[in-house]
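Please read the structure below before turning to the comments.
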Amino acid sequence: MEVKINGCVLRLVKDDITKRKVDAIVNAANNQLLPGGGVCGAIHRAAGDGLAKECREIGYCETGEAVITNGYNLPAKYVIHTVGPVYSGSEKDAKLLSNCYENSLKLAVKNNLNSIAFPSISTGIFGYPVEEAAKVALSTIVDFLEKHGKPSLVEMVLFSDRDFQAYKEALEEILSSN
Ligand code: AR6
(Lines give C-alpha, C1' and ligand atoms only; values in the text may rest on other atoms or scores of the structure.)
Protein backbone atom coordinates (compact mmCIF):
# COMPACT_ATOMS: atom_id res chain seq x y z
CA MET A 1 0.00 0.00 0.00
CA GLU A 2 1.29 3.42 -0.94
CA VAL A 3 0.01 6.98 -0.48
CA LYS A 4 1.33 10.42 -1.45
CA ILE A 5 1.66 13.07 1.23
CA ASN A 6 2.91 16.56 0.35
CA GLY A 7 4.80 15.14 -2.66
CA CYS A 8 6.36 12.31 -0.63
CA VAL A 9 5.61 8.58 -0.77
CA LEU A 10 4.53 6.74 2.39
CA ARG A 11 4.58 2.99 1.74
CA LEU A 12 3.56 0.01 3.85
CA VAL A 13 5.35 -3.22 2.92
CA LYS A 14 5.58 -6.71 4.35
CA ASP A 15 9.26 -7.63 4.27
CA ASP A 16 12.48 -8.21 6.17
CA ILE A 17 13.88 -4.72 6.82
CA THR A 18 17.48 -5.92 6.40
CA LYS A 19 16.71 -6.39 2.68
CA ARG A 20 15.50 -2.83 2.01
CA LYS A 21 17.69 -0.80 -0.33
CA VAL A 22 17.06 2.66 1.08
CA ASP A 23 19.35 5.41 2.35
CA ALA A 24 18.67 4.40 5.97
CA ILE A 25 16.89 1.63 7.82
CA VAL A 26 15.83 2.27 11.40
CA ASN A 27 16.82 -0.09 14.18
CA ALA A 28 14.52 -0.69 17.19
CA ALA A 29 17.49 -0.55 19.55
CA ASN A 30 18.12 -0.66 23.31
CA ASN A 31 19.65 2.15 25.42
CA GLN A 32 23.09 0.47 25.39
CA LEU A 33 23.00 0.02 21.59
CA LEU A 34 23.90 -3.66 22.04
CA PRO A 35 23.06 -6.19 19.27
CA GLY A 36 20.17 -7.84 21.23
CA GLY A 37 17.32 -9.86 19.67
CA GLY A 38 14.35 -9.15 17.38
CA VAL A 39 14.84 -6.78 14.47
CA CYS A 40 17.95 -5.39 16.20
CA GLY A 41 19.63 -8.82 16.19
CA ALA A 42 18.69 -9.33 12.54
CA ILE A 43 20.14 -5.93 11.55
CA HIS A 44 23.41 -6.58 13.40
CA ARG A 45 23.76 -10.05 11.86
CA ALA A 46 23.19 -8.71 8.35
CA ALA A 47 25.41 -5.64 8.82
CA GLY A 48 28.41 -7.48 10.32
CA ASP A 49 30.69 -6.68 13.28
CA GLY A 50 31.51 -3.13 12.16
CA LEU A 51 28.04 -2.03 13.25
CA ALA A 52 28.42 -3.28 16.86
CA LYS A 53 31.85 -1.64 17.03
CA GLU A 54 30.51 1.76 15.92
CA CYS A 55 27.57 1.36 18.35
CA ARG A 56 30.01 0.63 21.22
CA GLU A 57 31.86 3.85 20.43
CA ILE A 58 28.59 5.82 20.65
CA GLY A 59 27.75 3.90 23.83
CA TYR A 60 24.25 5.10 24.74
CA CYS A 61 20.99 6.39 23.30
CA GLU A 62 18.14 7.83 25.39
CA THR A 63 14.62 6.44 24.93
CA GLY A 64 12.89 8.44 22.16
CA GLU A 65 16.22 9.75 20.76
CA ALA A 66 18.08 8.59 17.64
CA VAL A 67 21.70 8.17 16.48
CA ILE A 68 23.12 7.35 13.05
CA THR A 69 25.82 4.86 11.97
CA ASN A 70 27.05 3.39 8.71
CA GLY A 71 25.22 0.43 7.18
CA TYR A 72 28.27 -1.82 6.63
CA ASN A 73 27.18 -5.00 4.75
CA LEU A 74 23.51 -3.96 4.54
CA PRO A 75 21.97 -2.77 1.26
CA ALA A 76 21.02 0.41 3.18
CA LYS A 77 23.78 3.05 3.42
CA TYR A 78 23.03 3.99 7.04
CA VAL A 79 21.32 2.68 10.15
CA ILE A 80 19.42 5.08 12.38
CA HIS A 81 19.16 3.58 15.87
CA THR A 82 16.25 4.69 18.02
CA VAL A 83 15.07 3.34 21.35
CA GLY A 84 11.35 2.80 21.80
CA PRO A 85 9.61 2.78 25.17
CA VAL A 86 8.99 -0.46 27.04
CA TYR A 87 5.17 -0.46 27.08
CA SER A 88 3.87 0.49 30.51
CA GLY A 89 0.28 1.52 29.81
CA SER A 90 1.00 5.08 30.99
CA GLU A 91 0.44 8.29 29.03
CA LYS A 92 4.18 8.69 28.46
CA ASP A 93 4.37 5.71 26.09
CA ALA A 94 2.79 7.44 23.08
CA LYS A 95 4.92 10.57 23.38
CA LEU A 96 8.15 8.55 23.64
CA LEU A 97 7.16 6.37 20.68
CA SER A 98 6.25 9.44 18.61
CA ASN A 99 9.65 10.97 19.51
CA CYS A 100 11.37 7.88 18.03
CA TYR A 101 9.76 8.43 14.62
CA GLU A 102 10.16 12.20 14.66
CA ASN A 103 13.80 12.20 15.78
CA SER A 104 14.69 9.49 13.23
CA LEU A 105 13.07 11.54 10.45
CA LYS A 106 14.84 14.70 11.62
CA LEU A 107 18.18 12.88 11.60
CA ALA A 108 17.51 11.57 8.08
CA VAL A 109 16.70 15.07 6.79
CA LYS A 110 19.71 16.56 8.58
CA ASN A 111 21.94 14.03 6.77
CA ASN A 112 20.26 14.75 3.39
CA LEU A 113 18.82 11.23 3.14
CA ASN A 114 15.92 10.77 0.73
CA SER A 115 14.59 7.39 1.79
CA ILE A 116 14.09 5.73 5.17
CA ALA A 117 12.53 2.43 6.29
CA PHE A 118 11.09 1.87 9.76
CA PRO A 119 10.23 -1.38 11.56
CA SER A 120 7.31 -1.43 13.97
CA ILE A 121 9.21 0.04 16.93
CA SER A 122 8.41 -1.29 20.46
CA THR A 123 5.76 -3.80 19.33
CA GLY A 124 7.91 -6.93 19.81
CA ILE A 125 10.01 -7.50 22.92
CA PHE A 126 8.96 -4.07 24.33
CA GLY A 127 5.29 -5.12 24.34
CA TYR A 128 3.51 -2.10 22.79
CA PRO A 129 0.12 -3.22 21.35
CA VAL A 130 0.49 -3.01 17.58
CA GLU A 131 -2.89 -1.32 16.88
CA GLU A 132 -2.02 1.52 19.26
CA ALA A 133 1.58 1.78 18.08
CA ALA A 134 0.47 1.93 14.43
CA LYS A 135 -1.66 5.03 15.08
CA VAL A 136 1.21 6.81 16.84
CA ALA A 137 3.80 5.81 14.22
CA LEU A 138 1.73 6.77 11.18
CA SER A 139 0.27 9.99 12.56
CA THR A 140 3.81 11.14 13.45
CA ILE A 141 5.12 10.28 9.96
CA VAL A 142 2.14 11.92 8.21
CA ASP A 143 2.51 15.11 10.31
CA PHE A 144 6.24 15.25 9.59
CA LEU A 145 5.77 14.87 5.82
CA GLU A 146 3.00 17.45 5.76
CA LYS A 147 5.23 19.91 7.61
CA HIS A 148 8.61 19.29 5.93
CA GLY A 149 7.88 17.73 2.50
CA LYS A 150 10.79 15.29 2.96
CA PRO A 151 12.25 12.66 3.00
CA SER A 152 10.79 11.70 -0.38
CA LEU A 153 10.22 8.04 0.59
CA VAL A 154 9.19 6.65 3.98
CA GLU A 155 8.56 2.92 4.31
CA MET A 156 6.97 1.06 7.20
CA VAL A 157 8.33 -2.48 6.93
CA LEU A 158 6.04 -4.97 8.66
CA PHE A 159 7.15 -8.48 9.46
CA SER A 160 3.77 -10.30 9.72
CA ASP A 161 0.38 -10.19 8.00
CA ARG A 162 -1.20 -9.16 11.29
CA ASP A 163 1.13 -6.18 11.69
CA PHE A 164 0.65 -5.20 8.04
CA GLN A 165 -3.14 -5.28 8.51
CA ALA A 166 -2.96 -3.18 11.70
CA TYR A 167 -0.86 -0.50 9.98
CA LYS A 168 -3.08 -0.54 6.88
CA GLU A 169 -6.21 0.03 8.99
CA ALA A 170 -4.53 2.76 11.02
CA LEU A 171 -3.38 4.57 7.86
CA GLU A 172 -6.85 4.41 6.32
CA GLU A 173 -8.32 5.86 9.50
CA ILE A 174 -5.77 8.71 9.66
CA LEU A 175 -6.25 9.62 6.00
CA SER A 176 -10.04 9.60 6.25
CA SER A 177 -10.00 11.94 9.27
CA ASN A 178 -7.54 14.41 7.69
N1 AR6 B 1 12.39 -6.98 9.61
C2 AR6 B 1 11.32 -6.23 9.97
N3 AR6 B 1 10.71 -6.34 11.16
C4 AR6 B 1 11.17 -7.28 12.03
C5 AR6 B 1 12.29 -8.10 11.74
C6 AR6 B 1 12.91 -7.93 10.47
N7 AR6 B 1 13.97 -8.66 10.08
N8 AR6 B 1 12.51 -8.92 12.81
C9 AR6 B 1 11.56 -8.63 13.73
N10 AR6 B 1 10.76 -7.64 13.26
P11 AR6 B 1 11.50 -6.03 18.37
P12 AR6 B 1 11.12 -3.76 20.24
C13 AR6 B 1 9.61 -6.98 13.90
O14 AR6 B 1 11.26 -6.99 19.48
O15 AR6 B 1 9.78 -4.26 20.64
C16 AR6 B 1 15.80 -5.97 20.94
O17 AR6 B 1 16.47 -6.94 21.66
C18 AR6 B 1 8.94 -7.71 15.04
O19 AR6 B 1 8.05 -8.69 14.53
O20 AR6 B 1 12.62 -6.28 17.44
O21 AR6 B 1 11.29 -2.29 19.96
C22 AR6 B 1 16.43 -4.61 21.10
O23 AR6 B 1 17.81 -4.68 21.25
C24 AR6 B 1 8.18 -6.55 15.70
O25 AR6 B 1 6.96 -6.32 15.00
O26 AR6 B 1 11.72 -4.50 18.94
C27 AR6 B 1 15.73 -4.07 22.31
O28 AR6 B 1 16.31 -4.56 23.50
C29 AR6 B 1 9.09 -5.35 15.47
O30 AR6 B 1 10.06 -5.77 14.50
C31 AR6 B 1 14.33 -4.63 22.18
O32 AR6 B 1 14.48 -5.84 21.46
C33 AR6 B 1 9.81 -4.85 16.70
O34 AR6 B 1 10.14 -5.92 17.54
C35 AR6 B 1 13.43 -3.71 21.38
O36 AR6 B 1 12.13 -4.19 21.37
Given contacts defined as C-alpha pairs under 8 Å and at least six residues apart, what's the relative contact order of the chain, whole-number percent? 30
Measuring from its Cα centre, the range 71-168 shows a charge dipole (+1 at each Lys and Arg Cβ, -1 at each Asp and Glu Cβ) which, in debye to the nearest 20, is 360
Using the Cα centre as the reference, give the magnitude of the dipole from point charges on the C-beta atoms of the range 2-177 (Lys, Arg: +1; Asp, Glu: -1; all else neutral), rounded to the nearest 20 debye. 520
Mean Cβ count within 10 Å, highest first, over the residues of peptides 140-153, 70-83: 70-83, 140-153
Mean accessible surface per residue for the range 2-177, computed with a 1.4 Å probe while every protein chain stays in place, in Å²: 47
Set Lys4/Lys53; Lys21/Lys168; Lys19/Lys135, cut-off 31 Å on Cα-Cα distance; pairs above it are Lys4/Lys53
Return the Rg/Rh value of the range 20-94, two decimal places, where both radii are evaluated on C-alpha atoms and Rh is the Kirkwood radius. 0.99
Determine which aspartates and glutamates satisfy two conditions relative to Lys14: a Cα distance under 20 Å, and not lying fewer than 8 residues away in the same chain. Glu2, Asp23, Glu131, Glu132, Glu155, Asp161, Asp163, Glu169, Glu172, Glu173
Cα lying deepest toward the dipole's positive end in the chain, options Leu113, His148, Pro85, charges on Cβ: Leu113
Calculated [θ] (222 nm, deg cm²/dmol) that DSSP helices of n ≥ 4 give over the chain, each run adding -39,500 (n - 2.57): -14000 deg cm²/dmol
Percent carbon-and-sulfur accessible area, the chain, ignoring ligands, DNA and RNA, probe 1.4 Å: 48
Order these peptides, 85-91, 122-128, by their mean beta-carbon neighbour count within 10 angstrom, highest first. 122-128, 85-91
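The values are calculated or read from the model by the stated rules, or taken from the named source; none is laboratory data. The shown structure was predicted, so the numbers you read here are calculated from the model rather than taken from an experiment. Don't worry about glycine lacking a Cβ; one is built from the backbone with ideal geometry, like all the others, and counts go over all protein chains shown. These area figures cover heavy atoms from the full protein model, side chains too; ligands, DNA and RNA do not enter into them. Shrake-Rupley method; radii C 1.70, N 1.55, O 1.52, S 1.80 Å.
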